[in-house]
Each structure stands twice: as structure tokens, then as C-alpha cells.
Amino acid sequence: MSRYVFDFSDGNKDLKELLGGKGANLAEMTRMGLPVPPGFTITTDACREYLHTGALPAGLLREVEDHLRLIEARLGKRFGDLHDPLLLSVRSGGPFSMPGMMETILDLGLNDTTVRALAARTGDERFAWDSYRRLIQMFGRTVYGVPDESFEAAPGSDLDAAALRDLVAAHQKVFAAHTGRDFPQSPHEQLYAAITAVFQSWNADRAVLYRRQERIPHDLGTAVNVQAMVFGNRGPGSGSGVAFTRDPATGRRGAYGDYLPNAQGEDVVAGIRNTMALADLARIDPASHVKLLSIMEKLEQRFRDLCDIEFTIEDGELWMLQTRVGKRTPAAAFVIAAQLVDEGTITLDEALGRVTGDQLAHLMFPGFDLGAAPKPLTTGVAASPGAASGTIVFDSAAAAAATGPVILVRHETNPDDLPGMIAAEGILTSRGGKTSHAAVVARGMGRTCVCGADEAVVDPVAGTLTVGSTVLRAGDVISIDGTTGRVYAGAVPVQPSPVVRFFEGELTSLGNPLLAAVQRLITHAGHVARLGVHANADTAADARRARLFGAGGIGLCRTEHMFLGPRRELVEHLILADSDEEREAALAQLLPLQRDDFTDLLREMDGLPVTIRLLDPPLHEFLPSLEELTARVATERDRLLLAAVRRMHEQNPMLGLRGVRLGLVVPGLFAMQVRAVAEAAAARAATGGDPRPEIMVPLVGTVQELDVVRAEALEILSRVEGAPPIPIGTMIEVPRAALTAGDIAHAADFFSFGTNDLTQMTWGFSRDDVEGAFFGRYLDLGIFAVSPFESLDVTGVGELVRTAVERGRATRPGLPTGVCGEHGGDPASIRFFHDVGLDYVSCSPFRIPVARLEAGRAAVTRTADSSR
């Protein structure tokens, strides 16, 4: 028979898949002997069973009752007792942290009778009625969907016990009006309903959206943690807080966090009251502060990472309610990883696994030019670094519906605001601190956030944000700096990221912990990576930047980009040519221009490979549009162009006369380009350079196409004196080419996967049409976790890549292979390219550092996996 319930003493931190992150870590703290209120965890297996059948698993409630009796025995209290009632909390906890996305219910076991017993037992009638008020509101919202706004706002500390008793009666009437029944008086009914509600919250809209945003699988389920209540709202000697063992915003060493006297933990996280700094606890309760710092040090040593801790102090006694590896900003991730290496806690390989390419990409975004910034409107808590400007919106729906950049402005955020937080460039709240919901979620998503700007008066009904005499309205532009906490009226100029300036050689890493950490980790990534990283670059300027960023060559030079601008007229001459002589004259005009382009590229990439793709797009793309010509036909040349456009019109140009087909149909076109490459290489070699060009034939579907082009190219190369050996390979971007790669390898010196076209042709999608037409709906329905044009479809397109590599190398052992589609810069795709044995990835210059980091991460992660 399946086991669905584990006591905290039965688990450990390695059982996250079964017990969820929260349950596994509560078990670990219990094993460490830390002060954890007793409790038990209902497994993710039970949740999955419930979600599959719609009913609680057989035997689950019996296990719950057995473990509940253990808690009662340890504490000497009984659940529902009329003299000294045991109260429980029920909290969700999936295998991955999803802050605020699922449900929590506190104070279970209170009813019209036990509330009086609690008041008598504690001697604090106000506390008892405040706890009952909280239960009715949380239970009503979580179990029965009663809107929060239907209940009166949370009371201040000025309400006495009689007023709170009246508020409870009012809450009960609200509950009955919305549910058609009285608030349940059976403690066990409350508990079972709460467990079921937590299971159901796994598929709540906000939880599904968060998982989609963070790419967390939807089939994991959540565990449920049932725990004896401890109370931070018992008076001035009690309180609740959230702490971090290092600053989650910057990575600086030291304890950071928020503390709220006479409050429950939900009050801290919700941000409905401004908190005090954790350091203030040393003044209020020095004994608890010292004990907390000691526990924090032990937890960081045990988990070998930044820890995020929730705690409660009840009448001077410290209790640990949760710990987890804390979410952090991208900057903090790099700094902390390097610190832990210096401290001997982790290895460099492990440190590389602690940072991601997405985090590095975030660090490369521009920030505000503070020298050009106006006087700040106000300053709040710097909760999540970055710089963001946008128009003000006051609710999540408006942010999600906006077409331009927006800043979501709220008193505080709650989990229902997630769609707006995802859509917004930044988040500004007038309440809360570094551990509030807004701060934690923003840091996890890499969104700029300023919290606790308490000078700001937010009136969402009137649609105003007021600071002193300044009134801003919905639609006005503001700028927020999540690094300094400053808020500005209007847009603020931006400047390049220090990380980008470091890569470009403008800054050194000396004295800068972030730049030193980035340098250290990306250097180590280069040492351990098997995958090379090349650049998609078409100009000397792009090639220069790519080399500064660490590119090991050019993996894709798109020669069609060299035919734009003033040169388009020369392409028009080629298209309009009526005879061989006119066509050859047009090609002769293009030859020196192409040669100069290639010479510049080879100079910038001296000693490194430069893969040059022969012309790929249909020629009509270099002509004016049919609509434009129809409207303007005024000259004989216009009429000739119009006739050419009509003659060349295709119903589906992406599947028409392009790529290798173009070179076979337009005599001399590819020959001109091959000659230009060879002459440029010869010229560079003559001046002492080390040119390493490679010629790539696009869109090959059968080896016979490549045979014809290769034969012509080799004949031309043989006539250019002084040209170095130049490999001739092909792009694999047609499914048939992947399936017949064994044949194509006979004529190809290398393969490069064009995964953009390979994705289009495998899925039958026209990218330009489908992304705006129905991809949004596909993402909403869960058909896609992410667009296959953004991250490689490993099971479909990826299988074609794997097949082509295996069949190509079976024919030609050691065949060099790479990828030059946009997926070459996608962190999630790079791991796959490493696994299938590609030699390099190629991406835009700006993504080079990201790809370098991910190539190293793929190598160390693979090594760790195979050593387990």
C-alpha cells in the first residue's frame, strides 16, 4: 500500500520530488535539531493521485489522523480540544519554489467554542479573536473562493477584543452569503478541506502561469505541510520575519531581512505593513537575534548556498518555519557563487552550475545614466536591480493588456498580480520590503522592482500616484531604479551595462566584485567547455565586437545582408539582365564589393574560421514590393521592375527559388561569391594574415544539388593563386537533408544546422505568420511550454539534428558540425547541442558571453550527471 504521509523526522533535504522543497527542508531542519514546530508532509504522489482521480487517495486521511496524534502527543494538546486546543497551519510546497503561487491557511481548528478556549488559555482575548478572523478570511478565500475584498480590510492594532469579536461575526456573515453555508465548526472538516484546497491550488491560473514563465513542469504536483501553529501576533514579545544569509540583491555577506513585531508571517510576505530591518531585532529581542544568526550560519553551511528563512518568535521563543535556497538577482548569483568558491564551500565547477546564461544576459542590459537623471521623485527599497521606464498602470489587467512598456504601481502585490508582473518592465509598491511578495517574485523573474516607497500615495481608484505636490496619472511615464531604489518622473537616459563595457575592454574587474565574478566564471567556462562558440556576423564591426566578447570564429556570415542599401540597385541590374552579357556585367560590379567585404571580415577574424553562406533568400526580396511598384509606375525602369516582380512572385517564397536552387538557376551567382571569398583570402595571406574562410551552401535537400555547386566551386578555387584550402560544407535546414545526411556527407566538409528553417519545415509553420496568429493560444493551452523558435523542440527538430549528426559522421568520421540558427544562443538549447556532439554553436555577438557560459555549464553538468 502506498505511503502518503511523512513526519518531519522521517525526511531530508534530498527528497524534494516527494516532499516538496518546503517539506524536505523542514525535515532537514528537524534532523539538525533546530526549533521547528512538529508536523508532517503529505507527498506530491498524493497530490498527483488527487488531480488524476478527483478524490483523495484511499487511506490518506487515516494516515493524516495517525500523524496528527503524534503531534498531539508531543505537544500535550488535542486538535479541537475545548480547553487547550491545538491549532494547525496547512501550507503548499512543490518541488520547485513558487513563492505565493499556491495556498496557505493558518489557525485551523478555531471555531466559536475553541476561540474562547484559546482566549482563556493564553489570557489574551484580542489575540484569539484576531486569529479566528484570519482563519475565516483565509479559509473563505482559499477553500470557497470568497474574494478578499468582500471581507473588511485587515484591522490595525488599535482594535480591541470586542471590536475583533464583532469583526469575526461580520466575516462569518460574508462567508455564509458567498457560500450558502455557515463557517464549518468541525476542526477536522476544516483540515480536510484545507488539504484538498492546497492540492487544487496546483492548477490555479496564477500557479500555471508561474510554472510556464519559469519553465517548471506541470505534472509534478505539490506536497502539503501540516504543522502546529506558532504565533507571532501574541503581542510585543512576538513577531515574524524573513531573513537571508546574504543580501539577495547584491550578494554582499551578512544577514539581511525584514521583521514585523506582533504579526504573522503572512503579514511580512504580503507587504501590507512596512517592516523593520532584521538588525532592529537585536535591539528588540537580543537573545532571539543571536540565536537566529547562529541558526542562519548553520543552515548556510548545511545547504552550501544562500538561504531564505522564515521564522516566528512567540513570547520570546524562536521557531523556524521554512528555509530554502534563496532566490537572488543575477548580480547576486555571480557574486555569491564566487564567494562560496573563495570560502572553500563549493568548487569552480559547482559555481558554474549556480549561475545561468539568462542571468548573464540580464546583466548585459543597459542601466540608467545617473549623471543625466533628474532629482528623484522619491526613494524606496531597492528590491530587484535593473532600470525600467514605462507608463504607469495601476492593475495587473492593464499591464497585461498594454502594448508598450509599463510600470505596475500598487500598494502591494499579491499572487493574482502575476500576469501584470510578467508583462510589466518594472514594479513599484508603496509598501513592503525586500522580502515582500513583489520583491521575491520580481527577483526570481529578473524584473526591476522598488518596494516600500512609503512617501508615494497610490490611489488605484482615482488612477493617481502622488508624492508631495506631484501628481502622476495612469499613462504618465515614470522610471524606477531597482539598484538604488530611486523613482523618477519621466524617462531617464540609459547607458551601457558595466558587464558589456568589461567585455568590450572599457572596464577592468579590479575592485568590482560583480565583474570579477563574471570574469572568473566565464573564464572557467572556457576551460571546461567542449562546445566552441562562434558568431553570426556580417560586417567587420560585428566581427570586431564578437571577438571582444570571446567568439572563436564566425559561424554564419549572411551574404544577402551585403546586398542591401545602395547595392540593391546592382542586384536589380542582375535581375533585369536580358542577356548573359548584362548578367555578367552586373556580377562583375558586385565582385569587388563582395571581395572587400570578405577581406574586412577575414582581417577582423584573422586566425579563426569564418563560415560564409552563399546567397539564400529569393531575389525578389531585393526588389520594391508589388504594392509599391503598382502605385508608383512612372518610368520604364519601374515598369521593368514591376514585370520582374510579377514574374518572380511565389505563393510561398520560403519554399521557392532560394538557397542552393538560386545558385543552380542563376548562372554565375554562386561562382562570383566563391571567387570573391578566394580572392579575399589570397589577399590576406599575401599580407601575412591567417585567413580561414569556409563556404557554406544553403538549403540543400539532396546530395546531387551539393555535388553540382561543389564541383563549380572547386574549379574556381583552383584558379585563384595564393588562396588557402577552403572547406565547402552545407546547412542542414531541410528535413530531407537531415534524413539523408549520410549521403550528403560524401560531398560536405562540414554541416551547420539552420534550426530556424528546420523548425519551420518540420512543424509546417511559416514563422512570420504563426507567431502572431496563434502561438499565444498554444502557449495558453499548454501545447507549447515555450515557442519552438525560441528554444529548440528537442523531441522533434532535435531528433532530426541527432539523426543527421550520427548519419553524417558514419559516412565521414569526425565531420565538423555546428548550429547557426537563433537557437545557438538559447541557454536551454545549448545543453542539447552539447549532448548530441556538435562542435560549436553560433549566435549574435551580444549573445556570445551567454553561449560561452552555457557551453561550460553543459560540460560540468554532463560530467556531474555521468558521475552519479
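The values are calculated or read from the model by the stated rules, or taken from the named source; none is laboratory data. Just so we're clear, the structure is a prediction, and the values are computed from it rather than from any experiment. Note: ideal-geometry Cβ built from the backbone for every residue, glycine included; neighbour counts use all protein chains shown. Ligands, DNA and RNA are stripped out before the accessible areas are found, and what is left, the full protein with its side chains, is counted by its heavy atoms. Shrake-Rupley method; radii C 1.70, N 1.55, O 1.52, S 1.80 Å.
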Unique match (being closer than 14 Å to Gln185 by Cβ, open to solvent by 10 Å² or more (accessible area, probe 1.4 Å) and not β-branched (Val, Ile, Thr)) among Arg141, Arg116, Arg134 | Arg116
So, first residue without any contact (Cβ under 8 Å) to a residue 24 or more places away in the chain in region 408-431, second residue of a type in the set (Ser, Thr, Tyr), Cβ within less than 6 Å, six or more apart or across chains; the pairs are Asp417/Ser396
Among the residues listed as Ser131, Ser157, the single one being closer than 30 Å to Ala207 by Cβ and at pLDDT below 95 | Ser131
Looking at this structure, is Ser469 modelled with pLDDT of 90 or more, open to solvent by 10 Å² or more (accessible area, probe 1.4 Å) and among the hydroxyl-bearing types (Ser, Thr, Tyr)?
-> yes
Might you check whether a residue that is open to solvent by 10 Å² or more (accessible area, probe 1.4 Å) and touching a helix residue (DSSP H, G or I) at 6+ places or on another chain (Cβ under 8 Å) occurs anywhere in region 368-379?
-> no
Would you check if there is a residue in region 753-763 being open to solvent by less than 10 Å² (accessible area, probe 1.4 Å) and of a type in the set (A, V, I, L, M)?
-> yes
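Inside region 810-851, can you point out the residues that are part of a strand (DSSP E or B) and hydroxyl-bearing (Ser, Thr, Tyr)? Break it down into steps so the answer makes sense when it comes.
As a first pass, look at region 810-851 and keep what is part of a strand (DSSP E or B): 817-819, 840-843.
If the condition is that a residue be part of a strand (DSSP E or B) and hydroxyl-bearing (Ser, Thr, Tyr), then Thr817, Tyr840, Ser842 are the ones that fit.
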Filtered residue count, region 101-110, keeping only those that are open to solvent by 10 Å² or more (accessible area, probe 1.4 Å) and either farther than 19 Å from Ala439 by Cβ or in contact with a Lys or Arg (Cβ under 6 Å, 6 or more places away or on another chain) (or both) = 2
Test result for Gly796, farther than 16 Å from Val533 by Cα, open to solvent by 30 Å² or more (accessible area, probe 1.4 Å) and either under 22 Å from the mean Cα position of the chain (by Cα) or not aliphatic (A, V, I, L, M) (or both) | no
Which numbered condition Ser787 misses (of (1) more than 15 Å from Ala529 (Cβ to Cβ); (2) open to solvent by 20 Å² or more (accessible area, probe 1.4 Å)) | (2)
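Which is on the phi > 0 side of the Ramachandran plot, open to solvent by 40 Å² or more (accessible area, probe 1.4 Å), assigned to a loop (DSSP other than H, G, I, E, B) and not hydroxyl-bearing (Ser, Thr, Tyr), of Gly344, Gly432?
On the way: Gly432 fails: open to solvent by 40 Å² or more (accessible area, probe 1.4 Å).
Just a single option satisfies the conditions, and that option is Gly344.
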Checking Gly232 against (1) open to solvent by less than 30 Å² (accessible area, probe 1.4 Å); (2) over 19 Å from the mean Cα position of the chain (by Cα); (3) under 30 Å from Ala828 (Cα atoms), which single condition isn't satisfied?
-> (3)
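Listed here are the residues, each with its yes/no results for (1) open to solvent by less than 10 Å² (accessible area, probe 1.4 Å); (2) part of a helix (DSSP H, G or I).
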| residue | (1), (2) |
| --- | --- |
| Ala332 | yes, yes |
| Leu352 | yes, yes |
| Val355 | yes, no |
| Gly390 | yes, no |
| Ala398 | no, yes |
Those residues of region 333-350 which are touching a residue at least 12 places away in the same chain (Cβ under 8 Å) and either within 10 Å of Ala517 (Cα to Cα) or of a type in the set (S, T, N, Q) (or both) amount to Ala333, Phe334, Val335, Ile336, Ala337, Ala338, Gln339, Thr345
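With the requirement that a residue be among the β-branched types (Val, Ile, Thr) and either modelled with pLDDT of 95 or more or at positive phi (or both), what does region 310-341 give you?
Initial filter on region 310-341 (among the β-branched types (Val, Ile, Thr)): 312-313, 323, 325, 329, 335-336, 341.
Once the filter is applied, which keeps residues that are among the β-branched types (Val, Ile, Thr) and either modelled with pLDDT of 95 or more or at positive phi (or both), region 310-341 yields Thr312, Ile313, Thr323, Val335, Ile336, Val341.
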Quick check: is even one residue across region 174-190 surrounded by 22 or more Cβ atoms within 10 Å (Cβ to Cβ), at pLDDT below 90 and either touching a strand residue (DSSP E or B) at 6+ places or on another chain (Cβ under 6 Å) or closer than 26 Å to Gly11 by Cα (or both)?
-> no
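So, in region 400-427, of the ones that are open to solvent by 30 Å² or more (accessible area, probe 1.4 Å) and part of a loop (DSSP other than H, G, I, E, B), which residue ends up nearest to Met138 (Cα to Cα)? Can you show your working first?
Here is the first cut: in region 400-427, the ones open to solvent by 30 Å² or more (accessible area, probe 1.4 Å) are 400-405, 410-412, 414, 416, 419, 422-423, 425.
Checking the rest, the ones that are also part of a loop (DSSP other than H, G, I, E, B) come to 402-405, 411-412, 414, 425.
Values: Ala402: 32, Thr403: 35, Gly404: 36, Pro405: 34, His411: 20, Glu412: 18, Asn414: 14, Glu425: 31 Å.
For region 400-427, the residue satisfying everything is Asn414.
Within region 1-92, which helices (runs of 4 or more DSSP H) (wholly inside it) include 2 or more residues that are under 22 Å from Lys298 (Cβ atoms)?
The qualifying helices (runs of 4 or more DSSP H) are 16-31.
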Restricting attention to region 755-810, and to residues there that are of a type in the set (Val, Ile, Thr) and closer than 23 Å to Asp219 by Cα, which single residue is modelled with the lowest pLDDT?
-> Val786
Within region 721-746, count every residue that is closer than 23 Å to Ala681 by Cβ, crowded, with 19+ Cβ neighbours inside 10 Å and out of contact with any strand residue (DSSP E or B) (no Cβ under 7 Å at 6 or more places or on another chain).
-> 1
Looking at (1) without any contact (Cβ under 8 Å) to a residue 60 or more places away in the chain; (2) among the hydroxyl-bearing types (Ser, Thr, Tyr); (3) open to solvent by 50 Å² or more (accessible area, probe 1.4 Å), which is the one condition that is false for Tyr256?
-> (1)
What pairs can you find where one residue is in region 806-826 and surrounded by 18 or more Cβ atoms within 10 Å (Cβ to Cβ), the other is among the basic types (Lys, Arg), and their Cβ atoms are less than 6 Å apart, with a gap of 6+ or different chains?
-> Leu815/Arg809; Gly825/Arg847
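Residue under question is Met98, and the condition is that it be part of a loop (DSSP other than H, G, I, E, B) and buried (at least 19 other Cβ atoms within 10 Å of the Cβ); does it hold?
Values: part of a loop (DSSP other than H, G, I, E, B): yes; buried (at least 19 other Cβ atoms within 10 Å of the Cβ): yes.
Yes, satisfied.
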Region 693-741: number of residues that are without any contact (Cβ under 8 Å) to a residue 12 or more places away in the chain and aliphatic (A, V, I, L, M) = 1
